[in-house]
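Reading through the structure tokens given below for one structure.
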Amino acid sequence: MNLSSILVCADEAASAVLREVLEELDIRFELCGDVARTAVRLAQERFDLIVLDCEKQSEVLVLLEESRSTRANQSSMAVVVVSGQESIRQMFALGVNFVLYRPVSRERALSTLRAAQAVLRRDKRRKARAAVHTHATVDYADVTQARATLVDLAEDGMAVNFGEKLPPTCKVYFQFQLPGQTSSLRLSGQVMWQDWSGRAGVQFVDVPKASRRLLDEWLKKKLEDAPKLALMEDRVEIEHSIRPSESSVAMEGHPAGKSKPEKSSRHSQLVEEHEAKSREARALSRLRSEPGNRRGQTRYACRIGAEVYQQGSRVRNYCHLSDLSPGGCYLEMPLAFPAGTPVEIIVRTHEIKMRLSGQVRASHPGYGMGVAFHLNTKDERQGVQQLVDFVAASAAAEGS
């Protein structure tokens, strides 16, 4: 089971012990030595486990408050290293799950983190999942009609192979058919975690009633037909970073844990190499045909009130800016403008007010639209960068 963690530790000796224990327990970790950087990462990405060992108690409290205020990490498990019991009550009030006392010994760290791992594994298995192998059409940010493969499915989310990395905590809009069904499902979700292979975990955000009915019917039949033991084996296998070719072979009936024939392995390797070359060719083609493509830029999850106008119109449309990069943004609004519409956006924060022009690149009726900025002057580019910097550092600014 693939668990992720973020480790904030100012003491080198304690950091060495905690890193060794996390590696032993096979918990992937990201080491952050800077509190401001940690706050930004907590706003960008979901972590199963947050381990805090800061020099100042105030820094611990700021990061705890920050993690609980973000949608991605509000339910993440927290382990805090303390010197005494003075602040224990306050930390538990902020949702701390485990406490380690200084000096950090390997035995105590192993015992505590092993207990945290057991709870996380139990929680991850709470929702029964069913293996599935079906293709979906996905839209996100300024990307439309991309292809992805569903790997497993539950009531509240699914594992998806996108084949490439998406913006952190990105909203994605899906359309797909489940095996044995003739009607299509339409729903939206938010990316909660990603790995190196392009696989991601998606938590459902909005599932229309018709799609919920189809989803529940399929899950009920699938889970009733499958033995419980097989369900658990599929669950454990899916949580690891398996490639699409391996998951499809497993779906064809190969028992988990048994070696496959050499010929099958060779075939899977050839399929995988072909898919990788195809992805590279498609990416190169997009770059050549769209030299202004900015998908490679870092995107920041946020939620800022804004107003948007069709260019030349005085009709004000209120919306929320929820995904921002130096090249564009996503605007959440029920009555999205058609793709290609030129727009004017007014963004206001406590510190910034600016007007931006752009063009709708992707339209999702009922959800919102992706907009590419038109930045024709140096002042416009600096203004957008100022807004990006504000979003990236807002958590740290609130805590300082």
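The values are calculated or read from the model by the stated rules, or taken from the named source; none is laboratory data. Owing to the predicted nature of the structure, the values given are computational and were not obtained by experimental measurement. Heads up, the Cβs are rebuilt from the backbone with ideal geometry, glycines too, and the neighbour counts pull from every protein chain shown.
Taking L215, is it at pLDDT 85 or above and assigned to a helix (DSSP H, G or I)? It is true that L215 is at pLDDT 85 or above and assigned to a helix (DSSP H, G or I). Just one of the listed residues (V60, V17, V35) is among the hydrophobic types (A, V, I, L, M, F, W, C) and farther than 27 Å from A392 by Cβ, namely V17. Annotation for segment 298-313: at least one member residue is in a loop (DSSP other than H, G, I, E, B), modelled with pLDDT under 85 and in contact with a Pro (Cβ under 6 Å, 6 or more places away or on another chain).
Please state which one of G358, G383 is in contact (Cβ under 8 Å) with a residue 24 or more places away in the chain and assigned to a helix (DSSP H, G or I). Lay out the reasoning, then the answer.
Working: G358 fails: assigned to a helix (DSSP H, G or I).
Residue meeting the stated conditions: G383.
Answer yes or no as to whether A93 is surrounded by fewer than 18 Cβ atoms within 10 Å (Cβ to Cβ) and touching a Pro at 6+ places or on another chain (Cβ under 8 Å). Against the criterion (surrounded by fewer than 18 Cβ atoms within 10 Å (Cβ to Cβ) and touching a Pro at 6+ places or on another chain (Cβ under 8 Å)), A93 does not qualify.
No other residue among S75, S83 is over 30 Å from K171 (Cβ atoms) and surrounded by fewer than 13 Cβ atoms within 10 Å (Cβ to Cβ) apart from S83. Checked against (1) farther than 30 Å from H374 by Cα; (2) at pLDDT 90 or above; (3) surrounded by 15 or more Cβ atoms within 10 Å (Cβ to Cβ), S183 passes all but a single condition, namely (3).
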